[in-house]
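Enquirer: Pasting in a structure now, in structure tokens, and then I'll have a few things to ask.
The values are calculated or read from the model by the stated rules, or taken from the named source; none is laboratory data. Keep in mind that what you see is a predicted model, and the values were worked out from it rather than measured. Every residue, glycine as well, gets a Cβ built from its backbone with ideal geometry; the counts of neighbours run over all protein chains shown.
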Amino acid sequence: MTLLDPPAGLRVDMQRNRMLLVDAAGRLFGAGRSATMSQIAAEAGISTATAYRHFASVDDALAAYRFEVGRELLEFSRTQTSAGLELLEAVCAKWVHLVVQHGESMIHTRSAEGYLARVKAGAYYLTVQADALAMPLREASRELGLPHPGDEALFLWNGFFDPREINDLIQSLDLTAEQASARLVRTFTAALTGWSASRT
């Protein structure tokens with residue numbers, strides 16, 4: 001069960017309120033606006049007290065939103081029929097498009113902990129993303145003739161595909177999502193090759 005999956009027996013109206021809050025948080029932050037729980041609740045059309053019954057903080061609501069985006073990436077990844085680098089390219093391109101589509105709401109789930117530490121600790125909005133990348137990273141490593149570096153591949157991928165950096169790259173260099181994705185994949189695979197060579 002994820003934080004978005006309702007507990008057994010949860011009333012339909014409570015399920016609806018939870019999703020309204022997630023969507024409202026995404027809309028507000030996606031438009032570049034910071035918001036309090038009260039503002040998210042107002043945007044969702046429910047009371048602040050009800051909002052706090054679902055999420056303890058704004059960060060929790062945004063994590064739930066980020067999880068939904070990650071779940072979309074996972075579903076996309078699982079339906080692909082390509083293999084090797086082609087699979088990695090497709091999944092990375094989908095991720096870049098999701099980052100562009102969801103805007104600023106993707107960059108507010110920041111933490112003092114590093115990416116791998118959060119994945120290992122079970123940060124559900126990141127583990128779903130890691131699940132989506134498992135096969136593409138394994139396939140790309142195989143095609144490149146590399147031993148699969150496991151969590152190290154995730155670490156490198158996050159360095160290149162962090163939503164904040166994707167937005168910066170597209171906006172600062174006036175690139176399309178397709179151009180950004182293609183350059184990032186090429187650079188990531190070069191880094192993966194170099195990282196693997198440094199381990200031997």
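Enquirer: Determine whether Leu169 is aliphatic (A, V, I, L, M), at pLDDT below 95, surrounded by 15 or more Cβ atoms within 10 Å (Cβ to Cβ) and within 23 Å of Ile107 (Cα to Cα). Walk me through it before giving the result.
Expert: On the way: aliphatic (A, V, I, L, M): yes; at pLDDT below 95: yes; surrounded by 15 or more Cβ atoms within 10 Å (Cβ to Cβ): yes; within 23 Å of Ile107 (Cα to Cα): yes.
Yes: the conditions hold for Leu169.
Enquirer: Of everything in the range 38-57, what is of a type in the set (S, T, N, Q) and either within 23 Å of the chain's Cα centre (by Cα) or closer than 14 Å to Leu28 by Cβ (or both)? Give them in sequence order.
Expert: Hits for the range 38-57 are Ser38, Gln39, Ser57.
Enquirer: Select from the range 150-178 the residues that are over 22 Å from Gly70 (Cα atoms) and not acidic (Asp, Glu) and list them in ascending order.
Expert: First, pick out the residues of the range 150-178 that are over 22 Å from Gly70 (Cα atoms): 171-175.
If the condition is that a residue be over 22 Å from Gly70 (Cα atoms) and not acidic (Asp, Glu), then Gln171, Ser172, Leu173, Leu175 are the ones that fit.
Enquirer: Going by the conditions given, is Asp162 farther than 25 Å from Tyr125 by Cα, out of contact with any strand residue (DSSP E or B) (no Cβ under 9 Å at 6 or more places or on another chain) and of a type in the set (D, E, K, R)?
Expert: no
Enquirer: Sticking with this one: Across the range 133-152, which residue is nearest to the chain's Cα centre (by Cα) among those that are assigned to a helix (DSSP H, G or I) and free of Cβ contacts under 8 Å to residues at least 40 places away in the same chain?
Expert: The first filter runs over the range 133-152 and keeps only residues assigned to a helix (DSSP H, G or I), leaving 133-143, 151-152.
Keeping just the survivors that are free of Cβ contacts under 8 Å to residues at least 40 places away in the same chain gives 134, 138, 151.
Values: Ala134: 14, Arg138: 19, Asp151: 16 Å.
Residue satisfying both the conditions and the ranking: Ala134.
Enquirer: To continue, here is another question. I'd like the full set of residues that are surrounded by 18 or more Cβ atoms within 10 Å (Cβ to Cβ) and either touching a strand residue (DSSP E or B) at 6+ places or on another chain (Cβ under 8 Å) or of a type in the set (S, T, N, Q) (or both), limited to the range 9-43.
Expert: Asn17
Enquirer: What are the residues in the range 44-58 that are buried (at least 16 other Cβ atoms within 10 Å of the Cβ) and not in a loop (DSSP other than H, G, I, E, B), if any?
Expert: Restricting attention to the range 44-58, the residues satisfying the condition of being buried (at least 16 other Cβ atoms within 10 Å of the Cβ) are 44, 46, 50-51, 54-55, 58.
Once the filter is applied, which keeps residues that are buried (at least 16 other Cβ atoms within 10 Å of the Cβ) and not in a loop (DSSP other than H, G, I, E, B), the range 44-58 yields Ala44, Thr50, Ala51, His54, Val58.
Enquirer: Same structure again: If you go through the range 89-108 one residue at a time, do you hit one that is part of a loop (DSSP other than H, G, I, E, B), surrounded by 18 or more Cβ atoms within 10 Å (Cβ to Cβ), out of contact with any Leu (no Cβ under 7 Å at 6 or more places or on another chain) and touching a residue at least 40 places away in the same chain (Cβ under 8 Å)? Don't jump to the end; show me each part of the working.
Expert: Looking only at the range 89-108, we keep the residues that are part of a loop (DSSP other than H, G, I, E, B), and these are 107-108.
Right, trim to surrounded by 18 or more Cβ atoms within 10 Å (Cβ to Cβ) and you get 107-108.
Still in the running and out of contact with any Leu (no Cβ under 7 Å at 6 or more places or on another chain): 107.
This time we only want the ones that are touching a residue at least 40 places away in the same chain (Cβ under 8 Å), so: 107.
Checked against the condition, which is being part of a loop (DSSP other than H, G, I, E, B), surrounded by 18 or more Cβ atoms within 10 Å (Cβ to Cβ), out of contact with any Leu (no Cβ under 7 Å at 6 or more places or on another chain) and touching a residue at least 40 places away in the same chain (Cβ under 8 Å), the range 89-108 yields at least one hit.
Enquirer: Hey, another quick one. Return the residues of the range 75-88 that are buried (at least 20 other Cβ atoms within 10 Å of the Cβ) and either within 20 Å of Met106 (Cβ to Cβ) or touching a residue at least 60 places away in the same chain (Cβ under 8 Å) (or both); say none if nothing qualifies. Before the answer, list the steps.
Expert: Taking the range 75-88 and keeping what is buried (at least 20 other Cβ atoms within 10 Å of the Cβ), we get 77, 87-88.
Result: Ser77, Leu88.
Enquirer: Further, regarding this structure: Could you please tell me which pairs satisfy a Cβ distance under 8 Å, a separation of 6+ or placement on different chains, a first residue in the range 176-191 that is surrounded by 16 or more Cβ atoms within 10 Å (Cβ to Cβ), and a second residue that is not in a helix (DSSP H, G or I) and not small (Gly, Ala, Ser)?
Expert: Hits for this filter: Thr189/Leu144.
Enquirer: Determine which member of the set Tyr65, Tyr124 is modelled with pLDDT of 90 or more, out of contact with any Leu (no Cβ under 8 Å at 6 or more places or on another chain) and in the same structural domain as Leu175 (by TED's automatic domain parsing). Please lay out each step first, then the result.
Expert: On the way: Tyr124 fails: out of contact with any Leu (no Cβ under 8 Å at 6 or more places or on another chain).
One residue alone meets the criteria, Tyr65.
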